[in-house]
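Notes follow once the structure below has been shown.
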Amino acid sequence: MSTEKGPNFLEEIIAEDVKNGKHGGRVLTRFPPEPNGYLHIGHSKSICVNFGLAAHFGGKTNLRFDDTNPEKEETEYVESIKTDIRWLGFTWANEFYASDYFPQLFAFAVKLIEQGLAYVDDSSPEEIASMKGTPTEPGKDSPFRARSVEENLDLFTRMKNGEFRDGEKVLRARIDMASPNMHFRDPILYRIKHTAHHRTGNHWCIYPMYDFAHGQSDAIEQITHSICTLEFEVHRPLYEWFIEKLGLYTSRQYEFARLNLNYTVMSKRKLLQLVQEKHVSGWDDPRMPTISGLRRRGYTPESVRNFAERVGVARRENIIDVGLLEFCVREDLNRRATRAMVVLDPLKLIIENLPEGHVEHLPTENNPEAEEKTTREIPFGRELWIERDDFMEVPEKKYFRLAPGKMVRLKSAYIVECTGFEKDASGHITAVLARYIPESKSGHDNSGLQVKGVIHWVHAPSAVPCEVRLYDRLFRVEDPSSEAGDFKDYINPDSLTVVKGAMAEPCLNAAKPGEHFQFMRKGYFVPDADSSAGHPVFNRTVTLKDGWGKQKEN
RNA sequence: UGACCGAUGGUGUAACUGGCAACACAUCUGAUUUUGAUUCAGAAAAGUCCAGGUUCGAGCCCUGGUCGGUCAACCA
């Protein structure tokens, strides 16, 4: 049996089309975001599918903003979308806008009217809704359905000319009010909105609906494979109806199942709510499933692309475990992140058999996984910071870190033996005392000692105080949207822990945005934009896999 | 009492298009390790929603169910 995954259903379809010379063997896809919010991890799957498929078959991909609703769309979103796609590593062949096609779309509408396939309806939104029927009951014809072509042409022109108020009239297709497909029950083609558009300004006061814009835009660009998510499936017959009636290029729509991730929400509406109600700091809050959030969190484009590859493409509803995303970023960061030592919860370790002021510089590896091994020097002396939980007054079973009488290796330095500890009046441990074994120097160890535990540490006098932000999943439940009540009731109160007094080794003072670090035994971290001179701030991308923590749970 | 779509280990995705279910993640062992990480070796885990049918042979085809999703915005 082959270990290689077979092609997904879209690759099969396109391979077949290319083989048969459909569209002249050409492949042109498009990624069609509406600029009404930031892109999220779900979009990244769609981006990878659209750009990936085209690239696989030697084709191209257009970026097309589906900007037919001026009330929700903004230039800020256009810019963020472009930034995110570029960051993911994709290049579009053309940057288009559905609004570029407004004149042609208007002409298409006129053509439908002339064919008797569209009419102007004066009914109110409520009336239209009530005449629509339900999925199990047919709708009723609008009293305006029988208007003459001349009257419709006149009215539609006057709609365009701004003679009517918002909502006063709409242009509808004349199809079948009894169709079992709700989208065929005389769908609205154009509505009046006296609203400035982010690109066309006040030039138009009528705007096409999605169904009347998307397929035709595909046709205008001669898109060969128009790939979208499952919820548009019921729109496909209408998509094809317009193409047929207007005699346009026959683009074909294909649908795949969108990506769902557990412990988060993925709808733009909900994400917008989190931003507006300040449950997060913004669209790029590192807890957000947005591409900008993942970027700020320290995810790499490679890891996101790899994730999209691993989740696959199919037509079945799915909920992916965030654990897979985390695996992908760890896999990537393991081989590229510089190792560094940072103590998040500092406890003083005093090495009694070392004189005050003693400092020596020890080499330590930057990345044991790297092709070319490099080292840097770290200072070592009498007073160090170690992690508070790397010491236990009364060690639990199988604990192999520091405890009275126990030995551990200080990473890249010496083996130390705990000789005691100090407590304050309230019983709080204030320092751990130890003696070091001079013969156990890292790389020159002839002490003959075998210790199981290795802990990280930072030389106290030269430590760099810094802020570290620890992120956890944004929601406490796997699927916040399906729980009773408001999804926001399920926000994880511990999704962000800010550690103010972390102690880092000196080299991290010079950490630059975009660099990735592994704080040894703690996880992967990136400098945050909030860093300032002398006050580094780090975001935790993801923890290290914790076999010990897991074992303790059981 | 509608239309359309879907159903394969815990989670995803495969199965040369009808030939006796594979890969990844997760899980559990063990080895290695100056990160309880990484790496390595191994284990457990579905008989493919159900019932019929066609066939020498069905996860793949047919019929009928069951369950789940989508559609009734002047959103996309």
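Counting other Cβ atoms within 10 Å, which GluC sites (Glu not before Pro) in the range A:290-342 have at most 13 and lie in a DSSP loop? Taking the range A:290-342 and a limit of 13 other Cβ atoms within 10 Å, the loop GluC sites (Glu not before Pro) found are A:GLU317. What the Cβ-Cβ distance of A:GLU11 and A:GLU356 gives, at R0 = 60 Å and to the nearest 0.05, is a FRET efficiency of 0.30. With protein chains left intact and a 1.4 Å probe, residues in the range A:9-258 average 40 Å² of accessible area per residue. For the range A:488-554, the Kirkwood hydrodynamic radius from C-alpha pairs, put into Stokes-Einstein at 10 °C and a viscosity of 1.306 mPa s, yields a diffusion coefficient of 114 µm² per second. Each residue of the range A:201-207 was assigned a 3J(HN,Hα) from its phi angle through the Karplus expression (A = 6.51, B = -1.76, C = 1.60, θ = phi - 60°), giving x, 9, 5, 10, 10, 10, 10 Hz with x at Gly and Pro. Between the Cα long axis of helix A:41-56 and the first principal axis of chain A there is an angle of about 70°, rounded to the nearest 10. Here the extension length gained between A:GLN222 and A:ASN161 equals 18.9 nm, from 0.36 nm per residue of separation less the Cα-Cα distance. Computed from the C-beta positions of A:ALA529 and A:ILE319 and an R0 of 25 Å, the FRET efficiency is 0.20 to the nearest 0.05.
In this structure, the residue pairs whose Cα-Cα separation is over 24 Å, taken from A:LYS406/A:LYS522; A:LYS82/A:LYS160; A:LYS522/A:LYS550; A:LYS268/A:LYS545; A:LYS452/A:LYS522, are A:LYS82/A:LYS160; A:LYS268/A:LYS545. For chain A, the Cβ-based charge dipole about the Cα centre amounts to some 820 debye (Lys, Arg positive; Asp, Glu negative; other atoms uncharged). Between A:ALA413 and A:SER442, the built amide H atoms are under 5 Å apart, and every one of these is 5 or more places off in sequence or on another chain. What are the ³J(HN,Hα) values, in whole Hz, obtained from phi via the Karplus relation 6.51 cos²θ - 1.76 cosθ + 1.60 with θ = phi - 60°, for each residue of the range A:476-483 in sequence order, with x given for Gly and Pro? After applying 6.51 cos²θ - 1.76 cosθ + 1.60, I find 7, 10, 4, 10, x, 6, 9, 7 Hz.
Axis angle, to the nearest 10 degrees, between helix A:9-19 and the longest C-alpha principal axis of chain A: 60 degrees.
For A:CYS228, the amide hydrogen comes within under 5 Å of the amide hydrogens of A:TYR254, A:GLU255, A:PHE256, counting only partners 5 or more places away or on other chains and with H modelled in the peptide plane. Helix A:322-336 versus the longest principal axis of chain A: what angle, 0 to 90°, nearest 10, using Cα atoms? It works out to around 60 degrees. Over all pairs of different C-alpha atoms in chain A, the reciprocal of the mean inverse distance, the Kirkwood hydrodynamic radius, equals 27.7 Å. When the helices of chain A are scored as -39500 (n - 2.57) per DSSP H run of n ≥ 4 and the total is divided over every residue, the value at 222 nm lands at -8000 deg cm²/dmol. For A:LYS488, a cut-off of 15 angstrom between C-alpha atoms picks up these aspartates and glutamates, skipping any fewer than 8 places away in its own chain: A:GLU277, A:GLU478, A:ASP479.
Shown here for the range A:138-185: trypsin sites (Lys or Arg not before Pro) in loop regions (DSSP other than H, G, I, E, B) with at most 16 other Cβ atoms within 10 Å, namely A:LYS140, A:ARG145, A:ARG165. Loop-located trypsin sites (Lys or Arg not before Pro) in the range A:364-464 (DSSP state not H, G, I, E or B) with no more than 16 neighbouring Cβ atoms inside 10 Å: A:LYS373, A:LYS397, A:LYS398, A:LYS452.
Taken as Cα centroids, the range A:350-387 and the range A:142-174 sit 79 Å apart, rounded to the nearest whole angstrom.
At 1.4 Å probe size, with the rest of the protein present, what percent of the exposed accessible area of chain A is carbon and sulfur atoms? Result for chain A: 49 percent of the exposed heavy-atom area is carbon or sulfur. Each residue of the range A:369-384 was assigned a 3J(HN,Hα) from its phi angle through the Karplus curve 6.51 cos²θ - 1.76 cosθ + 1.60 (θ = phi - 60°); the sequence is 8, 5, 4, 9, 7, 10, 10, 9, 9, 10, x, 9, x, 5, 10, 10 Hz, with glycine and proline shown as x.
The values are calculated or read from the model by the stated rules, or taken from the named source; none is laboratory data. For clarity, every value in this text was computed on a predicted model and none was experimentally measured. Heads up, the Cβs are rebuilt from the backbone with ideal geometry, glycines too, and the neighbour counts pull from every protein chain shown. These accessible areas exclude ligands, DNA and RNA; they are computed on the full protein's heavy atoms, side chains included. Shrake-Rupley method; radii C 1.70, N 1.55, O 1.52, S 1.80 Å.
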